[in-house]
Amino acid sequence: MAEMRTTDLFPDAHQSRLHPAENKFHVGNDGKHYWITPPELYAELHAEFNFDFDPCPHPLPPGFDGLTCEWGQSNYVNPPFGSIIHHGKKTGPTAWVRKAIIEWQKGKRVVLVYPVDKWVLMLMKAILGDHGQVRNLGDVRWLATEDGSQGKGTGRHIACFVLEAVHSLDHVGWPRCPRGPVGPPAR
């Protein structure tokens, strides 16, 4: 007897309610599952940030877990864009953002890339001004891990969030980084 899938019972189920193996962000529209950063883009970012650790490496070493291990001092994070099963539970991008913030609070640099709508980038730029550490990388054409072929892109802009290493706290407890306070804007 064939295995019953969520989509068999609920054909209109939202992607967030599906098991990762049934989720289009995990499976992909073209049958490819995982995507890596194009070498040119990585080289450009590495030249600026001098990465010493990748918590989402490819190929994934046996037993490696980027969500639970200690990260390096300068980290490049290209997390799964959809959900994965981690320790028996469905886990999504929020887990990677939480881990990135924890590592940043330990005084480490984190550069995380993730798709967002362009209006989000515009809003963040308006709020943060020229001091914002969010960059628009455009619609990156990721490379398939299965065969190295270039994908067609996500159809969304890829944001590059830069969390600079925290060196100290200011007088009200907001982290300071080399480019100034990270706390809320002055009112």
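No lab work stands behind these numbers, since they all come straight from the coordinates. Keep in mind the model is a prediction, meaning the values are calculated, not measured. Cβ: placed from backbone, ideal geometry, glycine included. Neighbour counts: every protein chain shown.
What list do you get for Cys69, Cys56 if you sort them by fewest beta carbons within 10 Å?
Cys69, Cys56
Any chance you could run the full-extension gain for Leu67 through Glu146? It's 0.36 nm times the residue separation minus the Cα-Cα distance, nm to one decimal.
Separation in residues times 0.36 nm, less the Cα-Cα distance, equals 26.1 nm.
Which of rounded, prolate, oblate describes segment 65-118, given a ≥ b ≥ c as roots of the alpha-carbon gyration tensor eigenvalues and a/c under 1.5 marking rounded, otherwise prolate only if a/b is larger than b/c?
Taking the square roots of the gyration eigenvalues as a ≥ b ≥ c, segment 65-118 is oblate.
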